[in-house]
Amino acid sequence: MQTLPNLILNDQHDQPQTISDDTRYLLFTADKDGANLADAVLDGQTAETLAAAGIRLVADISAMPGLVTALFALPKLRQRPYSILLGRTPDDTRDLPREPGKVTVIETDGGTVTALHFLEQNDDIRQVLGLAAQ
């Protein structure tokens, strides 16, 4: 079995965050469509509910122009009640699998990858994460 990549990234508040062995589900978005899916699935969740479920979110924003990131994306992301680890360069998230327009959900147990999903339906993502439908 493969282990979860060791990630240390800053969140939307420029605070360093680490993906640790207690992460059960790593959600990864590599484009706008995937990010919109993740936003919809996590809408209404809090930092506490995500922590209790072992859910962490990583977003690759490296393709976003710097001005757009600074003026629009970061202010919007800072309104989220939970941390979003941000890949600001392509190298930051190069080891994470992706498919266009989908959310990657990596299931882990103690840092070991147990399942990998590329999902494009909100209900499918919620089902894997064990979240109730909104």
Residue that is modelled with the lowest pLDDT, among those in segment 37-80 that are under 24 Å from Pro5 (Cβ atoms) and among the polar types (S, T, N, Q) | Thr69
Name the one entry in Leu96, Leu85 that is assigned to a strand (DSSP E or B) and surrounded by 12 or more Cβ atoms within 10 Å (Cβ to Cβ).
-> Leu85
Of the numbered conditions (1) closer than 23 Å to Pro5 by Cβ; (2) among the charged types (D, E, K, R); (3) under 14 Å from the mean Cα position of the chain (by Cα); (4) assigned to a helix (DSSP H, G or I), Asp91 satisfies every one except a single condition; which is it?
-> (3)
Pairs returned, first residue in segment 81-102 that is without any contact (Cβ under 8 Å) to a residue 24 or more places away in the chain, second residue that is of a type in the set (Asp, Glu) and open to solvent by 40 Å² or more (accessible area, probe 1.4 Å), beta-carbon separation under 8 angstrom, 6 or more apart or interchain, are none
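Any idea which of Thr104, Thr114 is crowded, with 18+ Cβ neighbours inside 10 Å and part of a strand (DSSP E or B)?
Every option except Thr104 fails the conditions.
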Could you tell me whether segment 80-94 includes any residue that is on the phi < 0 side of the Ramachandran plot and in contact with a Pro (Cβ under 8 Å, 6 or more places away or on another chain)?
-> no
Can you find a residue in segment 50-60 that is touching a residue at least 24 places away in the same chain (Cβ under 8 Å), assigned to a loop (DSSP other than H, G, I, E, B) and charged (D, E, K, R)?
-> no
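The values are calculated or read from the model by the stated rules, or taken from the named source; none is laboratory data. What you see is a predicted model, and the numbers here were worked out from it, not measured in a lab. As a convention, Cβ positions derive from the backbone with ideal geometry for all residues, glycine included, and neighbour counts pool all protein chains shown. Protein only, heavy atoms only, side chains kept; ligands, DNA and RNA dropped before computing areas. Shrake-Rupley method; radii C 1.70, N 1.55, O 1.52, S 1.80 Å.
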